[in-house]
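What follows is calculated from the coordinates using simple rules that are stated; it is not laboratory data. Every value quoted in this text rests on a predicted model; they were computed, and no experiment measured them. Neighbour counts run over all protein chains shown; Cβ positions are idealised from the backbone, glycine included.
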Amino acid sequence: MTDGERPVAIVGAGLAGALLACYLGRAGRRVDVYEKRPDPRLGPPERGRSINLALSVRGIFALRELGLADDVLRDGVLMRGRMIHARNGALAFQPYGKDDNEALHSVSRAGLNRFLVEAAARQPSVRLFFDHRCTGLDHDGAVEFLDGKQTPVTVDAAAVVGADGAYSAVRSSMQRHDGFNYSQDYLTHGYKELSIPAGPNGAHRMEPNALHIWPRGTFMMIALPNRDGSFTVTLFWPFEGPNSFAVLKTEADVLAFFRDQFADAVPLISDLSSEFLTNPTGSLVTIRCRPWRVGRAVLVGDACHAVVPFLGQGMNAAFEDCTVLHRCLVEAGWDWERAAVRYEDLRRPHTDVLADLCVTNFVEMRDRVASPLFVLGKRLAVLLHALLPRWYLPLYTLIEFSRVPYADAVRRTRAQNRLAALAAAVLGCLLLAAAWLVWRAL
């Protein structure tokens, strides 16, 4: 076969892999998608590892290009801001923006993944292969798998896309090439999932249109609403030390700790002690690498830029990868090598910045959101944005509710903050001068 007849092999049928298959399939390209897990359409989702997703503008744009956004948003829940839970049970709402156009959408990871797999399967030129674990690339660049019967399978594709997550087998093979740089940085914190079931008649038992946060300084708990009236709860705690996963060993330990730190949530969380002691504890890693392409292989999503989940941009950034890679392929006349170079040039500087922003936002969520000064600053930023919407956009607004590239958003925020500080200084001087003149006239 010629390259034009061979399919593109996408390794990974997660969010990014399935979305990219939709992009390529819609363009009439032959695509084979390989996934190590079973077909998500045939069984229940995995329990305990599904931090809910906060869908924002970048992800919505990709879905809208494919005609999928309306269906996804219909199954999500609008989150207009953060609901902060103090230790004494007091609540404080912090809006994300000036109106509902600046809001996040809580969506189920498992539900969205299944939806995208179904959308990819509807494309006539897309084939899906489950229970195929990638074992790497061979010396000629073909991709190798073990199928469900542990039989070796070698695929000689026109191009290979590694969409297989933070622990990517495709990237592991690429790392063996001279000049490939890779780094990973684990947080000292991990995460664990719990659940708040729906109330009577499927009613939400807390405010449904908010992301709930219990900030406690060095650790926190969050809860995101689901369409069925439930909430997905996620703990972000240190692995070791005081107030950590390590110190809670028994049901009595768990109940005592939650009653002390999260008393208002204890009556709401289903099977608290059982879920805490049996659900897995996951790790949180930031991954950077370069280059994102070697030979016929190119990486997207977590495979090349995994980030911690505290800005809700992991999925949105991965979807934006697919948007940009598809655009580069069209502009390059479907020359994968040229397109991959351009794609990395456009994306990597910005995802490197995103990685740092996500870690910074973790500190903000677990600690600073409870500070009166932080709340005042946020309110002033929202007010400035409402009064001067074309001139002043807070960094959070640029990240979540625009498609301005991440590094450009940081540069713009720094510039407008300098101007705001200068304007405040000038205004202060004018007020002092006016006061002095009034005093002289008296």
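If the convex hull of the alpha-carbon atoms of segment 1-129 is projected onto planes in all directions, what is the mean projected area in square nanometres?
Working: hull surface 40.5 nm².
Average of the hull's projected areas for segment 1-129 equals 10.1 nm².
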Based on other C-beta atoms within 10 Å, arrange 430, 73 from fewest to most.
430, 73
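Kindly provide the Kirkwood hydrodynamic radius of the chain in Å, to one decimal, from all pairs of distinct alpha carbon atoms.
On the way: mean 1/r = 0.0425 Å⁻¹.
Hydrodynamic radius (Kirkwood, Cα pairs) of the chain is 23.5 Å.
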Taking each full run of DSSP H in the chain as one helix, which ones are at least 27 Å long along their axis (Cα atoms) and have mean Kyte-Doolittle hydropathy of at least 0.5?
406-441
Given the peptides 431-441, 406-416, arrange them by the average over their residues of other C-beta atoms within 10 Å, most packed first.
406-416, 431-441
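Show me the ranking of peptides 108-115, 15-22, 308-315, 234-241 by mean Cβ neighbours inside 10 Å, starting with the highest. Write out the running numbers ahead of the final one.
Numbers: 108-115: 20.0, 15-22: 29.1, 308-315: 23.8, 234-241: 17.8.
Per-residue Cβ counts within 10 Å, averaged per peptide and sorted highest first, yield 15-22, 308-315, 108-115, 234-241.
If packing is taken as the average count of other Cβ atoms within 10 Å, what order do 100-107, 31-38, 326-333 fall into, highest mean first? It would help to have the intermediate numbers written out before the result.
Numbers: 100-107: 19.0, 31-38: 21.1, 326-333: 16.4.
In decreasing order of mean packing, 100-107, 31-38, 326-333 become 31-38, 100-107, 326-333.
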